[in-house]
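Read the figures in this text as sums done on the coordinates, not as results from a lab. Only a predicted model underlies this, so the values are computations on that prediction, with no experimental measurement involved. Cβ: placed from backbone, ideal geometry, glycine included. Neighbour counts: every protein chain shown.
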Number of protein chains: 2
Amino acid sequence: MKIGLDVMGGDYAPQNIVLGAIDAFHRLGRDSEIYLLGDQIKITEICRQQGFDPGNFSIVHCSQTIKMDEHPVKAYQKKSDSSVVVGFNMLAKGQLDALASAGNTGVMLTGSVQTLRTLPGVIRPCISCEMPMVSGKNVLLLDVGFNTDCKPDYLYQFGILGSIYAREMMGIERPRVALLNIGEEEEKGNMVVKEAYKLMVDSIDFNFVGNIEANRLFAGDIADVLVTDGFVGNICLKQAEGMYDLIQRLDVRNEFLDRFNYEIYGGTPVLGVSAPVIIGHGASSPVAISNMIAQAERALNNKLIEKFKEAMSYE
Amino acid sequence: MKIGLDVMGGDYAPQNIVLGAIDAFHRLGRDSEIYLLGDQIKITEICRQQGFDPGNFSIVHCSQTIKMDEHPVKAYQKKSDSSVVVGFNMLAKGQLDALASAGNTGVMLTGSVQTLRTLPGVIRPCISCEMPMVSGKNVLLLDVGFNTDCKPDYLYQFGILGSIYAREMMGIERPRVALLNIGEEEEKGNMVVKEAYKLMVDSIDFNFVGNIEANRLFAGDIADVLVTDGFVGNICLKQAEGMYDLIQRLDVRNEFLDRFNYEIYGGTPVLGVSAPVIIGHGASSPVAISNMIAQAERALNNKLIEKFKEAMSYE
């Protein structure tokens, strides 16, 4: 299995990215191979500094870099020899099996829809994020930013995609799927959410457990998968990040709160496209990068894409 | 000035409400009078237990109570002798100048639009909430739940209403108004927010400072007024409440985080209707109730409604 890693993306690239890859090298199975996409000289240099043989990686030299603040669509079109564009092209041709990057999120989304195929039956791919709950478990929130304007059937499909992800990747046998809403009652919410509720309440595609309010997001352990549109989901995620930053700044230390540390998360997988794509936080630490690579490997081992295909063709 | 207080609404009614009224009695100016709406016997009893003369209040006996979980519109129609309905009727007739309740929020919103008038020029009233920032200041978030589906011109008007509220009630001379969004750039957001941005960017009605992401909500001190639709605003508010609850449960103590304690907040004012209406959190403590009454008095003293009228008729 060939896992591509964009070495040039992220606030601390390429240093943190290569360090994460070195860590991952020791964790991955014998059949997995890490492809580093980026500046060959820098990659080699960092490896040497660590006393690590760069020959353990397949290095694909790319002459261009897309910066964190570049316009995603324009940058993706113009920089054909950037690590991200090269990565997506290799993924589309089957020269890679998965791709991970802590770079410009917009560019990763652009590549996911422009270069990869959306799986048959999927209306809109989405991105998801595991958030900690006090119970010790995580809840998968989706969409966290791909689709800012959603229709009810998009949300319904996020329920299917999230449910499969939770089962295959989080090990939850019969994931509980809920809608993020401003009240628990059926008639609550905006127009899209109300209609989505109606679609979900009789779902045979997943185990719908109703609406959840945001005050029970972390404490409730009512759901394993929490569906919302990409605008609301992104705001939720950022608010949690902001609260985490604040708590750090206030020097408050707590084991549970530390689990919000997005610098050690794995990544945010893109769901609904033809290959595993994982987007990391810009501030990803080497541990986060290593976790992303391991996450990509697990998605391949568990045949996540095949499971999505089966579920969506059933529709 | 006659300030009405619904004694029967709230998780700890009537006890906490009457205790809060007694506290407020000592704080208010000579010209202010507190009208207690509810069960006269219970009110008198609680006053006596506190060694407080109930004759200090004007008590309006109401035979009915609307519970926290009743259907707002149905309850409002059926229970014409409930404390809330009596309160709104008195407010509409000028027998009261302001109304406060920690009861069923939906019922308070129903009364605000069914019994009161929306101010001329106001498309949709909204509700707002002051949230703490690390800087020590507060930011006014609105709408926090009145309008789940908003059009761009609603959001624009929330900017006007919020700006006036921040000036008159929070003492900020030239309030900075921002849009809650998923990126800082102009082109970010869902369709409604993008259009609202275009309306706001050239505003002469308020001081627009651009988009804010939710990770800077508490830490940034970039804006005094933060505009969003009632669906997103309600989720933000509830998420902050949930985080506060969690932090309490984890026994983490911190001066700043304690400011999130919604049990000691004043209330959530309804903006855009013909009289000051303040909705308290169900879990309001006596301090919160007292703060709500003081907030109503301040709105009357500062002629908040007149300021709204001037601004909106200018439109």
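Table for the structure above
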{"item": "Overall Cα dimensions of chain A, principal axis frame, Å, largest first", "result": "59, 48, 37"}
{"item": "Listed residue pairs exceeding 23 Å between alpha carbons, taken from B:Lys188/B:Lys307; B:Lys198/B:Lys307; A:Lys151/B:Lys188; A:Lys198/B:Lys194; A:Lys93/A:Lys303", "result": "B:Lys188/B:Lys307; B:Lys198/B:Lys307; A:Lys198/B:Lys194"}
{"item": "Value of [θ]222 nm, deg cm²/dmol, for chain A, DSSP H segments ≥ 4, -39500 (n - 2.57) each, nearest 500", "result": "-13000 deg cm²/dmol"}
{"item": "Three-way shape label, segment B:124-262, alpha-carbon gyration tensor, a/c 1.5", "result": "prolate"}
{"item": "Fraction of antiparallel bridges per DSSP, chain A only, in percent to nearest 5", "result": "30 percent"}
{"item": "Label distances, nm, A:Lys42 versus same residue in remaining copies, Cβ-directed 7 Å point", "result": "6.7"}
{"item": "Among beta bridges that DSSP assigns inside the protein assembly as shown, antiparallel share in %, nearest 5", "result": "30 percent"}
{"item": "Distances in nm from A:Asp69 to the matching label points in the other copies, shortest first (labels 7 Å along Cα to Cβ)", "result": "5.2"}
{"item": "About the Cα centre, charge dipole magnitude for chain A (Lys/Arg +1, Asp/Glu -1 at Cβ), debye", "result": "600 debye"}
{"item": "Around B:Val73: net Lys/Arg minus Asp/Glu count, Cβ-Cβ under 12 Å", "result": "+1"}
{"item": "Protection proxy ranking of A:2-9, B:148-155 - average other beta-carbon atoms within 10 Å, highest first", "result": "A:2-9, B:148-155"}
{"item": "Percentage relative contact order, chain A, counting C-alpha pairs under 8 Å, at least six apart", "result": "24 percent"}
{"item": "15 Å Cα-Cα reach of A:Lys74 towards aspartates and glutamates, excluding residues that sit fewer than 8 places from it in its own chain", "result": "B:Glu187"}
{"item": "Cα gyration tensor shape for the protein assembly as shown, rounded if a/c is under 1.5, else prolate or oblate", "result": "prolate"}
{"item": "Simple Cβ-charge dipole of the protein assembly as shown, Lys/Arg +1 and Asp/Glu -1, about Cα centre, in debye nearest 20", "result": "340 debye"}
{"item": "Percentage relative contact order, segment B:134-291, counting C-alpha pairs under 8 Å, at least six apart", "result": "28 percent"}
{"item": "Cβ-defined net charge surrounding B:Val144, 12 Å radius [Lys, Arg +1; Asp, Glu -1]", "result": "-3"}
{"item": "Nearest-first distances (nm) between copies at B:Gly136, label 7 Å from Cα via Cβ", "result": "4.4"}
{"item": "Ordering of B:243-250, B:306-313 by burial proxy (mean other Cβ atoms within 10 Å per residue, highest first)", "result": "B:243-250, B:306-313"}
{"item": "Antiparallel content of DSSP bridges confined to segment A:124-261, in %, to 5", "result": "30 percent"}
{"item": "Charge context of B:Lys238, other residues only, Cβ under 11 angstrom, K/R +1, D/E -1", "result": "-2"}
{"item": "Distance from segment B:27-100 to segment A:37-63 (C-alpha centre basis), Å", "result": "74 Å"}
{"item": "Whole-number percent relative contact order across segment A:132-201, with pairs defined as alpha carbons under 8 Å at least 6 apart", "result": "29 percent"}
